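One structure below.
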Amino acid sequence: MPLTPFHLGPALLLGALFEKRINIISILLASIIIDTRAFYCFFFGCTGKFHGPLHTLLGTTIIALAVLLIIWNLKRHLKKITDTLKIRNNYSLQSIILGSFIGAWSHIILDSFMHPDIMPLWPIESNFLLGLITNKTNYLICTIALAAGLTIFIYKLYKRLSPPYSKSISPPYQRKTPSGFAIRSS
């Protein structure tokens, strides 16, 4: 795949970096929901290709549209949750579209480097990305992206939760006279 959780790395990094332009819930959801068939096949078995039709440009586009509709219809409820958790998230139609499509398409790009059964441009029966980077490099990219994404996300969350600091406020033991001189209060 890289294993499904690894897809969260690049998605979280992009969502954290571009929080004003990309809906983070849609990019995270779209980046992992593509593996529903692979998850089913792994645990319950199935016939045919392991990754199947969801790992094509057409399949991911359909999934991205489904994620778009879900997030758009739930945006009022999701906004309450993200506001309560102090997570900045853009719920404009454009940000949800970007998140849904970037999440879904990045998934098949990452998987196409690793799996010979993926045909990203189906019905064309080839995978031109297979082997362009090694599996180890693919996992490394996803792991570094996850670490960077978490760091940025936590830093921004910390900044939002920290009390505001203003340089214009004097320490409590000082006050300024009308002429601008600071005097100590006793």
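Read-outs: derived from the displayed coordinates by stated rules, not from any lab. Since the structure is predicted, the reported quantities are computational estimates derived from the model, not experimental observations. Cβ: placed from backbone, ideal geometry, glycine included. Neighbour counts: every protein chain shown.
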Region 58-117 - percent relative contact order, Cα under 8 Å, separation 6 or more:
49 percent
In Hz, Karplus ³J(HN,Hα) per residue of region 84-94 (6.51, -1.76, 1.60; θ = phi - 60°; x = Gly, Pro)
4, 7, 6, 9, 6, 8, 8, 10, 6, 4, 4
State the extension gain, in nm to one decimal, for the chain segment bounded by A148 and I62, taking 0.36 nm per residue of separation less the distance between their alpha-carbons.
28.0 nm
Diffusion constant of region 4-184 at 20 °C, which comes from Stokes-Einstein with the Kirkwood Cα-pair radius and 1.002 mPa s, µm²/s
115 µm²/s
Could you point to the residue in L69, L13, F101 farthest towards the positive end of region 4-184's charge dipole, with +1 and -1 charges on the Cβ of Lys/Arg and Asp/Glu respectively?
L13
Cα-Cα over 29 Å: which of K49/K75; K86/K136; K80/K156; K75/K136?
K49/K75; K86/K136; K75/K136
Please list 14-24, 81-91 highest first by mean number of surrounding beta-carbon atoms within 10 Å per residue.
14-24, 81-91
Calculate the dipole size of region 42-101 relative to its Cα centre from +1 charges on Lys and Arg beta carbons and -1 charges on Asp and Glu beta carbons; express the result in debye to the nearest 20.
260 debye
Where q = 0.15 Å⁻¹, what log10 of I(q)/I(0) comes from the Debye formula for region 24-126, counting one point per Cα?
-0.63
